[in-house]
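J.: Once you've had a glance at the structure underneath, I'll fire off some questions.
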Amino acid sequence: FSIWNLTVGTSLLSIPWAIGKAGLILGPLFIILVNLTLLYSCYLIVEGARHFGYKDGYKDFNDLIRHFLGPISEKISCVIVSIVLIGVCLIFWILASNFMYTTVYFVRGMSTLPVTLYSIGIDIAHKAEVVCPVIGAINGTDFESNKTETGNDRLFDQYWHQTKTVPLYLIVVLFPLMNLPSPVIFNKLSSIGILSSLYLIIFVIIKSSFWTSTIDTNFELASPTFPVVTGVVSTAFSIHANLLPVTQCNRNPQNTVRDLTIAYGCSCATYLLVGMLFFIKFPLSVQCIQSVFLDNFGPDDIMSFLGRLTLLIQNIVTYPIIAFAARIKIMSTLYGEKYPSWKHVLIFNIMVTTICVLGAMFFPNVGTILRFVGACGGLFYCLLLPCAVQFAIRKKENRLTVISVLSYIYLIVFGLSNCIAQFIIN
């Protein structure tokens, strides 16, 4: 269950959009392919650690890298992981800006309306409208022309803008949390991620039950932009940095591979359920599906408001944990200790915050960032390094076979192709 929780997260918001870019047939096929590929690379890590035993000190994948590939390889891997984690921080900042903006917008709009359990039920049953930001329509009906603004509305929009101001306001909330000496208190609250993931699944099931599926002229079974889905799910299934610490908690280590397989199978089924159900039942053109599917619902939708509020709390809790992990990797690599001084930590946090704020203001495209982070980071840390470690182990023990070498070649070629494809597609 812990592995399922790690794999089912932010990427769930982008999976319908990714399937739309890949097509109805290629989308699910590549989700399954990436799932099996990264499951096998996880197996290589677990087998390497289990073969030598955790008692020998192989408690982290970096320990295996240092022992079999040398300290330089370990430092390179730490830098790669840090870059990936900073990319994840950027994604969290963009999402937090999105959710904070729409949450406040909802509260402001509802301040003059009575909200009761009855009204919430009416909203769920009868307000399943979806928004198409591309054409500015709700279920195909133009809504911008009917919108009237007062002077107060214009003033509010000027100071409360999703990309121009809200990312800056978030500094007040997130930057102090980054500077805490330890994220232990946030680790205890990380279970919120489970609730948000379950809520998103229920949300899609309920909303789609009120939609009548339509197949428009833009509907595709296969698309040349299919690498979008491989990049997005590469981020989702890349848990290799946390794999060994999680599997060590298993009461029955002999069942680790079995449990890992079940967890990856469940996470794959979750992505297929949410992605396919949303994609097939979506009542407008699939071109309208956004890279964060909650953006397809208006700010007055109560269910999407609850989802955004839950995800906002999750992002605020999780962001310091991710930033702390990136900081530990960088500081340990550069200075040999986790906390060299408060000045080093402050400078690092300012740099990360600057990257996140600028990204949220000028490039708030979650789907694109997800696929680049997943494809490029996954190539090195999740595919290349596990193959290199396992190759070194088998070579040392004279256990190299043609099948094992071919499997390593497949993983590396797959990762390289996935990474290059992200730069080729538009």
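J.: Only residues that are within 16 Å of LEU13 (Cα to Cα) and buried (at least 19 other Cβ atoms within 10 Å of the Cβ): list them for the stretch 353-371, please.
T.: To start, the set of residues in the stretch 353-371 that are within 16 Å of LEU13 (Cα to Cα) comprises 364-371.
The answer is PRO364, VAL366, GLY367, ILE369, LEU370, ARG371.
J.: If you check LEU39, LEU24, which single one turns out to be among the hydrophobic types (A, V, I, L, M, F, W, C), part of a loop (DSSP other than H, G, I, E, B) and either under 14 Å from SER234 (Cβ atoms) or at pLDDT 85 or above (or both)? Don't jump to the end; show me each part of the working.
T.: Values: LEU39 fails: part of a loop (DSSP other than H, G, I, E, B).
None of the other options fit; the residue is LEU24.
J.: Could I ask something else about it? Taking helices (runs of 4 or more DSSP H) that do not extend beyond the stretch 342-426, which have at least 2 residues that are free of Cβ contacts under 8 Å to residues at least 24 places away in the same chain and farther than 26 Å from SER97 by Cα?
T.: Values: elements: 342-362, 366-377, 385-396, 402-424.
In the stretch 342-426, 342-362, 385-396, 402-424 are the helices (runs of 4 or more DSSP H) which contain 2 or more residues that are free of Cβ contacts under 8 Å to residues at least 24 places away in the same chain and farther than 26 Å from SER97 by Cα.
J.: With the stretch 137-224 as the region, which helices (runs of 4 or more DSSP H) entirely inside it contain at least 1 residues that are at pLDDT 70 or above, of a type in the set (Asp, Glu) and on the phi < 0 side of the Ramachandran plot? Full working, then the answer.
T.: Numbers: elements: 151-159, 166-178, 184-187, 192-209.
Fully inside the stretch 137-224 and qualifying: 151-159.
J.: Now, a different point. Just checking, which of LEU411, LEU346, LEU370, LEU358 is within 28 Å of the chain's Cα centre (by Cα) and within 21 Å of ILE76 (Cα to Cα)?
T.: Exactly one of LEU411, LEU346, LEU370, LEU358 is within 28 Å of the chain's Cα centre (by Cα) and within 21 Å of ILE76 (Cα to Cα), namely LEU411.
Each row is one residue, and each column tells you yes or no for (1) surrounded by fewer than 20 Cβ atoms within 10 Å (Cβ to Cβ); (2) more than 30 Å from TYR40 (Cβ to Cβ); (3) modelled with pLDDT under 90.
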site: SER267; (1), (2), (3): no, no, no
site: MET276; (1), (2), (3): yes, no, no
site: VAL286; (1), (2), (3): no, yes, yes
site: ASP300; (1), (2), (3): yes, yes, yes
site: ARG308; (1), (2), (3): no, yes, no
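J.: Output the qualifying pairs, or none if there are none: Cβ atoms under 7 angstrom, residues six or more apart or on different chains, first residue in the stretch 262-287 and over 16 Å from ILE32 (Cβ atoms), second residue small (Gly, Ala, Ser) and part of a helix (DSSP H, G or I).
T.: Listed pairs, sorted by first residue: LEU277/SER208; PHE278/SER208; LYS281/SER208; VAL286/GLY20.
Here is a yes/no grid of residues against (1) in a helix (DSSP H, G or I); (2) polar (S, T, N, Q); (3) crowded, with 16+ Cβ neighbours inside 10 Å; (4) under 15 Å from the mean Cα position of the chain (by Cα):
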| position | (1), (2), (3), (4) |
| --- | --- |
| HIS67 | yes, no, yes, no |
| ILE72 | yes, no, no, no |
| ILE80 | yes, no, yes, no |
| ILE86 | yes, no, yes, yes |
| ILE94 | yes, no, yes, yes |
| SER97 | yes, yes, yes, no |
| TYR101 | yes, no, yes, no |
| TYR105 | yes, no, yes, no |
| ARG108 | yes, no, no, no |
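J.: I'd like to check something: does the stretch 65-85 contain any residue that is at pLDDT below 95, among the hydroxyl-bearing types (Ser, Thr, Tyr) and within 27 Å of THR368 (Cα to Cα)?
T.: Filtering the stretch 65-85 for residues at pLDDT below 95 gives 65-85.
Of the ones still in play, those that are also among the hydroxyl-bearing types (Ser, Thr, Tyr) are 73, 77, 82.
If we keep only those that are within 27 Å of THR368 (Cα to Cα) as well, we get 77, 82.
Yes.
J.: Which members of the stretch 304-341 meet the condition of being part of a helix (DSSP H, G or I) and among the charged types (D, E, K, R)?
T.: Within the stretch 304-341, the first condition is being part of a helix (DSSP H, G or I), and the residues that meet it are 304-335.
Matches in the stretch 304-341: ARG308, ARG327, LYS329.
The values are calculated or read from the model by the stated rules, or taken from the named source; none is laboratory data. Predicted model only: the values in this text are computed from it and were never measured. Glycine also receives a Cβ, built like all others from the backbone with ideal geometry; neighbour counts cover every protein chain displayed.
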